[in-house]
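One structure below.
Derivation of every value follows stated rules applied to the coordinates shown; laboratory data play no part. Computed from a predicted structure; not experimentally measured. Note that each Cβ is placed from the backbone with ideal geometry, even for glycine, and that neighbours are counted across all protein chains shown.
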């Protein structure tokens, strides 16, 4: 079950009643309800190439910035925006959860380590995202809603 390339709303899985969308706010990546920021700051371009996935913002504009982390992948490292570039600067594996409920939950995984992008355990607002140990706990999963072309 591979995601096709396109523009998406990416939300924390299980936040259906009060969606928490992946959001760019003041240069930081967080999760916030729909409409908390301009719509363009909650729309992400997903590029799939040879099983690797780049997640870019702004959607459909270049240059853009990649959903990323700084340096080597380590547990607890904060999710940030990569540098402005005409090409993706960070790739991930986006894999469906083995449980396969609906909507299908996906894990955003580091390519070469058992780490996933998840909401950090830090109790701050707005929430921050960080690399966490890979597991199949759905609290660390994401839902991808493909948006129609504009």
Under 8 Å for C-alpha pairs, at least 6 residues apart: give me the relative contact order for the chain, rounded to a whole percent.
24 percent
A correct Stokes-Einstein calculation for the range 6-146, using the alpha-carbon Kirkwood radius, 4 °C and 1.567 mPa s, returns a whole-number D in µm² s⁻¹ of 87 µm²/s
Could you give the nm distance between label points at residue 39 and residue 25, where each point is 7 Å from its Cα heading toward the beta carbon?
2.0 nm
